[in-house]
Amino acid sequence: YEREDGKPARQRLLVVANRLPVSAVRKGEDSWSLEISAGGLVSALLGVKEFEARWIGWAGVNVVDEVGQKSLTEALAEKRCIPVFLTEKIVHQYYNGYCNNILWPLFHYLGLPQEDRLATTRGFQSQFDSYQEANQMFADVVNKIYEEGDIVWCHDYHLMFLPQCLKKFNKKMKVGWFLHTPFPSSEIHRTLPSRSELLRAVLAADLVGFHTYDYARHFVSACTRILGLEATPEGVETPPEGAENQGKLTRVAAFPIGIDSDRFIRALDLPKVQGHIKDLQDRFKGRKVMLGVDRLDMIKGIPQKLLAFEKFLEENDGWRDKVVLLQIAVPTRTDVPEYQKLTSQVHEIVGRINGRFGSLTAVPIHHLDRTLDFQALCALYAVTDVALVTSLRDGMNLVSYEFVACQEKKKGVLILSEFAGAAQSLGAGALLVNPWNITEVAKAISKALNMKSPEREKRHRHNFHHVTTHTAQEWAETFVSELNDTVVEAQLRTKQ
Ligand code: G6P
């Protein structure tokens, strides 16, 4: 991430996330193939030219031997990535267990695990211990490479303990933490056995960021109600701990993320994407295309979306062979039993609907359990008439942004869950729905398919403007410069 003018970057930004933007697959004792994922965070940080970014995280593989660890570290160094090596047991307890079976569903209002509650409750403490242990392992790597003046940006629910671990090592470190999921109402957070420890650990950061004002408000309420702390318009105040310690203000604010919209818009002109577009148009000629792109996750509301589509087909005979729903469901966290159950449930519903409404030549739902490459995805967005983003809860949901970026020609309609963070920015252009209300979603599908061009144009214009002006780069720049300012202000306050 050197500056384009060739000058050295001024400050180092250490980005710490559970997953590196590169995943590694072992090819031999000391050889690796690295697959780069050009996700939102990567493009966001590519835009932050003032800083030289380094990534610290898990490469998605468990490497226990020294030769492997050394060679992977060297291979990743070329990509400015530094691996954290987790053991199989830690991955199971921390990542599959505490992160994805406890925090993830809870933060998305799906509650603590319902089935086998006793077993979960018994296993809770050891998962929580592993979570803390894993966070310390991330901290150890950061502490080793930290140099004075570096900025450390911790990401997501996997690393809520990290700010505290880092500040214990060095009080002067500039530490920010950003949550990519919703932060739930304090009444939900209260149910978590480790509610206070997590809040205190996050409050060790200098700046705490969320996608929306509501999530920030929930976090502040949790701190005041559960920890009994004072809230100020700027954040949360922690009283002094020891005689010579100063009290601390942790700034809490909303920083809604965006996408690298230019990357999507530019891709549409590529010959390969144009080729895909033509193929898709031929393939679905005479039918309106509806699209869903989701990780195969409970929070995405895929079964509810399919049931709504089924209801629409039941009630709208005339549309049966004139519309197709393409559902891309990207497999994720496949070791967690809840995700395995969801896959079977979705397959069963798709099978039933296709059996009911399909013909010898066409089926109403094309369901794919896989990821698509970037160019195929852009083409799919471009040919879509109606996108269905019906998450039950979602931190932001950038699929909705990506769809809008690719719709300058078509001006298709976005049906968007009111429980996605994106509803706060794209709400005026989208058709907002309650994804739990199948009747309402079925009606929205009908409205979207029948919507006339002037209204589609007006709605698209609003959303396109938002998506192209509130980009990922702007998000990252704002967070990082605010973190810098926050620390400087705090230092001035301490001197006064
Ligand atoms: C969400 C989380 C990310 C996570 C991603 C993929 O977007 O906020 O932190 O990386 O899901 O999930 P995975 O478990 O595969 O990393």
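Structural remarks
- 3J(HN,Hα) couplings calculated from phi for region 22-33 with the Karplus curve 6.51 cos²θ - 1.76 cosθ + 1.60 (θ = phi - 60°) are, in sequence order, 10, 10, 10, 10, 6, 9, x, 4, 10, 10, 9, 10 Hz; Gly and Pro show x.
- Remark: for residue pairs LYS27/LYS305; LYS278/LYS447; LYS272/LYS410; LYS322/LYS458, the C-alpha separation exceeds 30 Å in LYS27/LYS305.
- Counting beta carbons within 10 Å around each of ILE265, ILE302, ILE277 and listing the fewest first gives the order ILE265, ILE277, ILE302.
- DSSP beta bridges in the chain [antiparallel fraction, %, rounded to 5]: 20
- Ranked for footprinting exposure by Cβ neighbours inside 10 Å, fewest first, TYR213, TYR146 give TYR213, TYR146.
- Computed FRET value (nearest 0.05) for GLN345 with GLU440, which takes r as the C-beta separation and R₀ as 22 Å: 0.55
- Note on region 313-418: Rg/Rh from C-alpha atoms, Kirkwood Rh, equals 0.97.
- If R0 equals 51 Å, the separation of the Cβ atoms of ARG283 and LYS27 corresponds to a calculated FRET efficiency of about 0.90.
- Furthest towards positive pole of dipole, ALA444, MET137, HIS276, structure part the chain, Cβ charges: ALA444
- By the beta-carbon count within 10 Å of each Cβ, the least crowded to most crowded order of MET396, MET160, MET451, MET298, fewest first, is MET451, MET298, MET160, MET396.
- The magnitude of the dipole of the chain, with charges of +1 and -1 set on the Cβ of Lys/Arg and Asp/Glu and taken from the Cα centre, is near 1120 debye.
- In order along region 462-471, the Karplus-derived 3J(HN,Hα) couplings, from 6.51 cos²θ - 1.76 cosθ + 1.60 at θ = phi - 60°, round to 4, 5, 4, 4, 5, 5, 8, 9, 9, 8 Hz, and Gly and Pro are given as x.
- Given charges at beta-carbon only (K, R positive; D, E negative), |dipole| of region 202-277 in Debye: 380
- Computed from phi, the 3J(HN,Hα) profile of region 267-281 under the Karplus parametrisation 6.51, -1.76, 1.60 (θ = phi - 60°) reads 4, 4, 8, 5, x, 5, 5, 4, x, 4, 4, 4, 4, 5, 5 Hz, with x in place of Gly and Pro.
- Amide proton proximity set for VAL413, modelled H, under 5 Å, gap of 5+: VAL386, ALA387
- Each stretch of four or more DSSP H residues adds -39500 (n - 2.57); spread over every residue of the chain, this sum gives -13500 deg cm²/dmol at 222 nm.
- In terms of its C-alpha gyration tensor, region 32-107 comes out oblate, because a/c is 1.5 or above while a/b does not outweigh b/c.
- In region 262-387, one over the average inverse separation of all distinct C-alpha pairs is 15.5 Å, which is the Kirkwood hydrodynamic radius.
- Tilt relative to the chain, helix 374-383 - C-alpha long axis, 0 to 90 degrees, to 10: 40
- Residues whose amide H lies under 5 Å from that of GLY301, counting only those 5 or more places away or on a different chain, are LEU392; hydrogens are built 1.01 Å from N in the peptide plane.
- The separation of region 276-297 from region 47-110, counted between C-alpha centres, amounts to 34 Å.
FYI, it's all coordinate maths here, none of it is from the lab. Keep in mind that what you see is a predicted model, and the values were worked out from it rather than measured. We place every Cβ from the backbone using ideal geometry, glycine too, and count neighbours over all the protein chains shown.
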